[in-house]
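The values are calculated or read from the model by the stated rules, or taken from the named source; none is laboratory data. Computed from a prediction, not measured in an experiment: that's the story for all the values here. Note: ideal-geometry Cβ built from the backbone for every residue, glycine included; neighbour counts use all protein chains shown.
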Amino acid sequence: MDARSKILETATKLFATHGYDSTSLSLVAKDASVSKALIFWHFENKENLYEAVLARTIEPYRIEPERIAGQSVPDQVEHLIDLYYEFVTENVHSVRFFLSLFLRDDKRPDDFFSRVLDLYKHYRELLAGALRAGQEAGIFSPEIEPEAHSALILSSLNGILVQALTGETDVASPERLVKGLKASLVDRLRVQ
């Protein structure tokens, strides 16, 4: 891993854990095992480092419709659920950072939040579109409300992911819960 990436990864973890105000460049340098001068060389100041962390955090959230094209409608819904779960589990520190921004009274860049909310809406619309396509194909019940069900799917996923992020696995592993969500969801949406 190159120095810039190492600094960004470390800063993401520290901003998520301690917040903007309590994360110093000295702490980032120490945890990344780099000099503070190297951080200044790459980012100039703490504000620029923070902006780079924000940009890096939001970058992988976009899911293009082409990623699910060509699949059966039930497979599209399941694939979207898998993509969401995989993204969160593969980007745990970024997700924690993102969540910490919502929960802290730290520096909260409005443009970042509007971009995140737009991406979340985009994902919800992909799910709703797949559900509508299933209705049109006669696979899913005409009585379901695609928008409401897509929001319900995301709420369920968010609950599973919060459980995973907190380490709570008394009930079942997150993987088992996602598998159960997909199985029960697709079965209940089908025309009876």
Return the pairs, sorted by first residue and then second, in which the second residue is assigned to a loop (DSSP other than H, G, I, E, B) and modelled with pLDDT of 80 or more, the first residue lies in region 55-75 and is more than 24 Å from Asp187 (Cβ to Cβ), the beta carbons are less than 9 Å apart, and the residues are 6+ apart or on different chains.
-> none
Quick one: which of Ala11, Ala69 is farther than 20 Å from Asp118 by Cα and not assigned by TED's automatic domain parsing to the domain that holds Phe113?
-> Ala11
If you scan region 7-28, which residues turn out to be in a helix (DSSP H, G or I), within 20 Å of Ala55 (Cα to Cα) and not charged (D, E, K, R)?
-> Ile7, Leu8, Thr10, Ala11, Thr12, Leu14, Phe15, Ala16, Thr17, His18, Leu25, Val28
Which residue pairs have Cβ atoms under 7 Å apart, sit 6 or more places apart or on different chains, and have a first residue in region 16-35 that is in contact (Cβ under 8 Å) with a residue 24 or more places away in the chain and a second that is assigned to a loop (DSSP other than H, G, I, E, B)?
-> Gly19/Arg104; Gly19/Asp106; Tyr20/Asp106; Tyr20/Lys107; Asp21/Asp106
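Name every residue in region 136-146 that is touching a helix residue (DSSP H, G or I) at 6+ places or on another chain (Cβ under 7 Å) and free of Cβ contacts under 8 Å to residues at least 60 places away in the same chain, in order of residue number. Break it down stepwise before answering.
Looking only at region 136-146, we keep the residues that are touching a helix residue (DSSP H, G or I) at 6+ places or on another chain (Cβ under 7 Å), and these are 137, 139-142, 144, 146.
Passing the criteria: Ser141, Pro142, Ile144, Pro146.
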Restricting attention to region 113-134, does a residue exist that is at pLDDT below 85, hydrophobic (A, V, I, L, M, F, W, C) and either crowded, with 17+ Cβ neighbours inside 10 Å or more than 15 Å from the chain's Cα centre (by Cα) (or both)?
-> yes
